[in-house]
Each structure stands twice: as structure tokens, then as C-alpha cells.
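What follows is one structure encoded as C-alpha cells, with my remarks underneath.
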Amino acid sequence: MAETHTEQVLVIPTHLLHELGYFQGFTANVGRYLEELQNPRNASYRPRSEMEQDPSFKQLIPYTIFRYKDSAGQSFVFHYTRGTGQGEARLHRKRSIGIGGHISVDDAGTPDPYSEGMRRELDEEVVIDSPYREQCVGLINDDQTEVGKVHLGVVHLLDLERPHVRPRETEIVAAGFAPPPELLAEMAAFESWSQICLKALFAEG
């Protein structure tokens, strides 16, 4: 009988987040957390099917947002709707501003598994036809949703020279760029992480 492949994903113990400083929602204090969260001694690879139901671990997820500013300085943010064929059923049909995914044990053989996993997920899901500047701008922890209880997001902002991002996956639909106020006005349609990022990064005042 053929052995069933079980996806192994990168996790950190939830108590580590509490030791470093618990927060709900968004924090821009990347320096307080990132080094320890990405330290190999704090990480392990465990079966994703188990980790989706075990809040004693957090799956570490790079969550990448694309922003373009035109010549007048107006910002536009990439957004899309999740199809029903993507892995996380609890997010199906939700709108999103973030491209993200798990760090896999297949990334573990590289010098920087986190960065390799982030690049791999971007390459799998979208085509970026523009130079860009990347910065890590914050973290998301949302223990108010079932998905959020078992995931921890690391938010990366990619500032593009041109608004040229298109889906590679068929499950990324209705994609495009829109001004943040337009997205904020439709907040209820977005997944919780996108709501958190829209308010933290793009809401005025």
C-alpha cells in the first residue's frame, strides 16, 4: 500500500509568543519577536492536519501585501477573492489583501527556510512583473477566530514600481489594485487578517 504523504509545516510553540509579549491583532514591533520566532531552536516541523486543530502551536505564515503608488502619491493595494479549491476551507470565498502560505519541511534544507518558503509561496501563487522594495512591517495574531488560533502572520509589504501583479493560481479570482479607502469601505467581506492589516496599515488617523 502506498504511503500517504503528510504535509509537515513550520510551527512555534504558542507559549513562546506569550513569553515574548502577547498581543491580539497587529503589532509593528517586529524587532521584539522576529529573531526568536525564526530561531531554529524554537521551531519544529509537524503534520499540518494535526496543527490545524492544536492551538498549543502556531503555524508561522509569511503574509505579503502589494502596494503601488502612482506619480501623484496615491496608494493602490492588491486584493483578490479566495476560490473554493485552496487548502484552508475556512477562508473560502473570503476577500484578501495578503498572499501567504506555510513554511514546509521541503524548505528546511535551505540556508533560510523562512525566506525560501516565502519566495516559494509567492512564485506559486502570483506573477510579479515589477521591481519592488520589500520590508517586514508587523505581525498578526488573531485568537478570536478558529483559523487565527493556530496561525501567526508575519506581514511583508512589497512596494512596487508598477501595479503589475497577476494570479498564477486559478483559485485567486477577481484580482486587482484598489485605493485603500475603497477596500476599507468593504471591510466585512475580507478575511480577518486582511481586516487587521487594512486598519493597521491603511486607515487614516
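The values are calculated or read from the model by the stated rules, or taken from the named source; none is laboratory data. Every value quoted in this text rests on a predicted model; they were computed, and no experiment measured them. Using ideal geometry, Cβ is built from the backbone for each residue, glycine included, and neighbour counts are taken over all protein chains shown. When the accessible area is computed, the model is the full protein with side chains, heavy atoms only, and any ligands, DNA or RNA have been set aside. Shrake-Rupley method; radii C 1.70, N 1.55, O 1.52, S 1.80 Å.
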Among (1) under 23 Å from ASP159 (Cβ atoms); (2) modelled with pLDDT of 95 or more; (3) open to solvent by less than 50 Å² (accessible area, probe 1.4 Å); (4) not charged (D, E, K, R), where does GLN59 come up short? (1)
Only unsatisfied item for GLU36, checking (1) in a helix (DSSP H, G or I); (2) open to solvent by 70 Å² or more (accessible area, probe 1.4 Å); (3) among the charged types (D, E, K, R), is (2)
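Would it be correct to say that GLU161 is open to solvent by 60 Å² or more (accessible area, probe 1.4 Å) and within 17 Å of the chain's Cα centre (by Cα)? So that I can check it myself, show each step before the final result.
Working: open to solvent by 60 Å² or more (accessible area, probe 1.4 Å): yes; within 17 Å of the chain's Cα centre (by Cα): no.
Taking the combined requirement at face value, the residue does not satisfy it.
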Kindly establish whether GLU182 is open to solvent by 10 Å² or more (accessible area, probe 1.4 Å), assigned to a helix (DSSP H, G or I) and under 29 Å from TYR33 (Cα atoms). no
Given ALA203, ALA175, ALA185, which one is in contact (Cβ under 8 Å) with a residue 24 or more places away in the chain and within 23 Å of LYS69 (Cβ to Cβ)? ALA175
Of all residues in the range 1-25, how many are under 30 Å from LYS199 (Cα atoms) and either open to solvent by 50 Å² or more (accessible area, probe 1.4 Å) or in a loop (DSSP other than H, G, I, E, B) (or both)? 6
Tell me, please, whether a residue that is in contact with a helix residue (DSSP H, G or I) (Cβ under 6 Å, 6 or more places away or on another chain), of a type outside the set (S, T, N, Q) and under 30 Å from ARG41 (Cβ atoms) can be found in the range 117-129. yes
Candidate set from the range 4-35 (those that are at pLDDT 95 or above and of a type in the set (D, E, K, R)); member that is nearest to SER115 (Cα to Cα): ARG32
Quick one: which of VAL173, VAL127, VAL155 is buried (at least 16 other Cβ atoms within 10 Å of the Cβ) and part of a strand (DSSP E or B)? VAL155
